[in-house]
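Worksheet: one structure, shown below.
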Amino acid sequence: MRKKAFTLIEILIVIVIFGVGILAILSIMANSVKNFDTINMQTRATLLAKEGIDLAFHHRDSNLEQGYPRDYYARIENTDGGKEEFLGKDGNTTFKIGLSVDKNQNPYYLLEKIKIGEYTADTFDEYFKTFALELTKNNTLTPYTYKATTETLNKGYARRIEFVRLKIENLKLLKVSSHVIYKRGSFTGEVVLESFLGPRDSER
């Protein structure tokens, strides 16, 4: 009894079926990797935003420990007697927060005021360059610093913190918003966490 052999058409059909199946599996794997990377970036951005809120409270607590009002920012010495500046007033609204670096790359800032236009989809790249974080990887605990660059970064995170004054039924509050934008190639996103500093500790 002769065994029936596979025809060329049958072999081609089997190859096509296997090919479609393999492509489907590869597509699922690629989407899984993409989704994992997206979730990973969102999680890191959320942690960086939470850290921004914590640092704002640290600034508040440090002020109170030194006898300053909770919203004290700095004293400008180039005026007669020096002028005190406060968060959320006179343009003191948008800051780098973490550890900025001086010209010798020494970290020394906790809050650094930044003058910049309104954040929109069109200004994403400008904000990303201005507030981009440089995350170092080594065996020692290294503080986050800001990456000074004129180049367009393809991947990473940028963090800023904003202070806005609120007054609700004679209760003066300072709203703190920690913004982290992130990108990987053409993919971008943003995480925003908010909290409040208050009530006020002085009559100002």
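For region 4-70, the list of chymotrypsin sites (Phe, Trp or Tyr not before Pro) that fall in a loop by DSSP and count at most 15 other C-beta atoms within 10 angstrom reads PHE6. Each peptide in 184-197, 111-124 gets a packing score, the mean of other Cβ atoms within 10 Å over its residues, and the list from highest to lowest is 184-197, 111-124. Once the chain from PHE18 to TYR119 is taken as fully extended at 0.36 nm per residue, the excess over their C-alpha distance is 31.4 nm. Applied to region 60-73, the Karplus parametrisation 6.51 cos²θ - 1.76 cosθ + 1.60 on θ = phi - 60° returns per-residue 3J(HN,Hα) values of 4, 5, 5, 4, 5, 5, 8, x, 8, x, 4, 9, 5, 10 Hz, with x for Gly and Pro.
Throughout, read-outs are computed from the coordinates displayed, never taken from laboratory work. What you see is a predicted model; the values in this text were computed from it and never measured. Cβ coordinates were reconstructed from backbone atoms using ideal geometry, including for glycine residues, and neighbour counts include every protein chain displayed.
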